[in-house]
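Bear in mind that the values in this text are calculations on the coordinates, not laboratory data. Given the structure is predicted, the values throughout are model-derived calculations rather than measurements. Here the Cβ positions follow ideal geometry from the backbone for every residue, glycine too, while neighbour counts run over all protein chains shown.
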Amino acid sequence: MEAKEKNFKEIMINEKKFIIPFFQRHYVWGKEDWERLFNDLYDSFKNNKDHFLGSIILKRSLGNDNFANVIDGQQRLTTFSILFKILYDKLDDEDKEDYISCLYQKPLKQRLPIIQHSMLDIEKYNELFTNNDINKGIKEGIIGCHNFFVEKVKEAFNDNIKQIHEFLDFIYERKVWITVSLNANEDEQKIFDSINSTGEPLNATDIIKNALFDKTIKIIGETEATKWYKKYWGSIFEKDNTERSFWDKKTTIGRIKRAKSEIFFHAFAIIEGFFDPNKHNLQNMSLLYKEHTKNFGEQELKNFFEDILKYSEIYRKFPIYNKESLFSFEKWEDRFFHIIEQTKTNTVLPLILILKDKLNCEKETLKECLYILEIFILCNKENKNYNKFFVEVVKDLPKENNEIASYLKNKISNTYELNKQYVEKLLKNINNNNTAKIILFWIELHREDKEKDFKDKTELKYIYTLEHLMPQKWQTHWVEVGKNSDNAKKLIYQIGNMTLLKNKLNATIQNQTWDIKLNGNKKVKHFIKKSADLLINKELINEKGWNEKTIEDRTKLLTKEFFEIWNVDIFENK
């Protein structure tokens, strides 16, 4: 890897051409980006000062072809080249000769742009270099970028050719770029992550896609590869802006944010058996895909794409929740996915994908399997090795569907301690507010489900806040109950000392006496009785005081209801 500060001239004259990988994502910059780039360059020009545009990552080709793949930075390089072309067009023919090698490939008479764009944008990009009759009404994409800069250059220089020439020289000669050049044997994902560990990592999905379709082109040709792209990739990952936004949305995995598409391809690698958590991590993803498929023939590659399509469609149908989502106890699959989402247990996704595929026509078996996993994930605190555990489960999953549920129970009970005694201890010492909130929410729905009229359908939004009835800051008003730190801690973190409220209590009332927390006073808007429509709060209304006995009695009651929902005994009765 080599990183250097360069100007546009130095970047362009060293290569015969720059290839934006054929299946790279489309050009997405818009007016705000164009305006910022132009204004930054123009201000630097007027004030004769340097301005750093950003970095581009190039990967050199093997052999003597002397071209480079643009791995990262295609958006700004494309934008800059369009501005450069507009300025170049203003010059007379003699002056143009000084810059032509930065815009066109040799032989120059063919007028092929030195930047060979991706499949999605090559036609529009090439049009700017071969056609003088550009549709001036387009305001988006590559043509929109051209039209924007035409007006911006006119506004800034008023057709003053001398100033235009000076501005062109400025952006041509000034070292405004950092180029990171990779050798052909270096993995771009690993390099990018290492030099951007504190920023947003390059999306591994793009590198995986480019590697897969680069191989596809070599095997079946560009025309057929384009058909495969539309069928196996574009139809799901890049169908429209809605789909792109879904797959690009980031979530935190460990300490790094990753796009949903990257999470999916990590899960898919586990399903296919070429990701080993003992050896690999997410930074290895693109390299692993390249290695796994390097010896594939046409049929193997096609089967691989078909599996990607199948599992990605299953993943895309997983439920998505927000603050307006409604939950009811009878919707068992919603409960499962809600718990998975709230506990951030992404490591179980490969197993869920397989179960949804294998048990698509066996809903009761699927329900049983998800229920087993739900109890396990909610109740088990020892989750450090989940990544390795679920990989083992996927690897050894029985081929016969009727054996899967028993296998899951055996695998869990043989690996982890999970029984009633274990869970009872957990419910008497919950120091994770998120876990407590999930448990109380579904106990509330369970109660309402039992008490509803057969025509009613109880649905709730997951919008409540968790409240410790005896407060964590107990020393002022709760000394008689708390007595000492150890005893107070034992009481505060029991499930019986917690509830859900529609609104978070004001700091002035959170640590107050039981009577004020329950009934409020004239100074506060929110208190426990305001959430009395929840069944888990109705039992609190008539309590004259809150003490050790009431906490422990309520813990016993909620524990009993917990086991009505989540029958931990299934791990005993294997």
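Worth a mention:
- Added length on full extension, which subtracts the Cα-Cα distance from 0.36 nm per residue, Phe52 to Lys388: 116.6 nm
- Calculated FRET efficiency for the pair Asp214/Leu91, C-beta based, R₀ 45 Å, to 0.05: 0.75
- Between 0 and 90°, nearest 10: helix 433-451 axis offset from the chain longest Cα axis: 60
- Filter on Lys388/Lys473; Lys85/Lys215; Lys106/Lys162; Lys109/Lys231 - keep pairs with C-alpha separation over 30 Å: Lys388/Lys473; Lys85/Lys215; Lys109/Lys231
- Only Cα sites of the stretch 358-485 enter the Debye sum here, all with the same form factor; the resulting log10 I(q)/I(0) across q = 0.16, 0.20 1/Å is -1.04, -1.25, listed in q order.
- Each stretch of four or more DSSP H residues adds -39500 (n - 2.57); spread over every residue of the chain, this sum gives -15500 deg cm²/dmol at 222 nm.
- 22 Å tail of the calculated P(r), the stretch 2-186, as % of Cα pairs: 44
- With kT/(6 pi eta Rh) evaluated at 10 °C and eta = 1.306 mPa s, and Rh the Kirkwood radius from Cα pairs, the chain diffuses with a coefficient of 56 µm²/s according to Stokes-Einstein.
- Net charge of the neighbourhood of Asp357, taken over other residues with C-beta under 14 Å away and scored Lys/Arg +1, Asp/Glu -1, is +2.
- Each label was represented as a point 7 Å from its Cα along the Cα-to-Cβ direction; for Thr415 and Asn433 these points are 3.1 nm apart.
- The separation of the stretch 394-417 from the stretch 20-39, counted between C-alpha centres, amounts to 49 Å.
- Here Lys154 and Asp334 are evaluated by their C-beta separation; at R0 = 56 Å the FRET efficiency comes out at 0.50.
- Of every Cα-Cα pair in the stretch 427-565, the percent that sits beyond 27 Å: 17
- Charge tally for Lys215 (other residues, Cβ to Cβ under 9 Å; Lys, Arg +1; Asp, Glu -1): +2.
- Simple label model, 7 Å out from Cα along Cβ direction - Glu548 to Asp98, nm: 9.0
- Between Glu224 and Lys109, the FRET efficiency estimated from the beta carbon spacing at R0 = 35 angstrom works out to 0.65.
- Taking the three principal axes of the alpha carbon atoms in the stretch 326-418, the coordinate ranges are 34, 30, 20 Å, sorted in descending order.
- Remark: the stretch 313-321, residue by residue, has Karplus-estimated 3J(HN,Hα) of 5, 5, 4, 5, 8, 4, x, 10, 10 Hz, where x stands for each Gly or Pro and the curve is 6.51 cos²θ - 1.76 cosθ + 1.60 at θ = phi - 60°.
- Fully extending the segment from Lys302 to Lys502, taken as 0.36 nm per residue of separation minus the present Cα-Cα distance, adds 66.8 nm.
- Each Cα pair under 8 Å and six or more residues apart adds its sequence gap; the mean of these over the residue count of the chain is a relative contact order of 12 percent.
- Label-point separation in nm, Glu459 to Glu362, each point 7 Å along Cα→Cβ: 3.2
- Within-12-Å neighbourhood charge of Lys49 [Cβ basis; K, R +1; D, E -1]: -1
- Prolate/oblate/rounded call for the stretch 248-323, Cα gyration tensor, a/c under 1.5 rounded: oblate
- Full extension of the chain between Leu535 and Phe563 gives 8.3 nm of extra length, using 0.36 nm per residue less the Cα-Cα distance.
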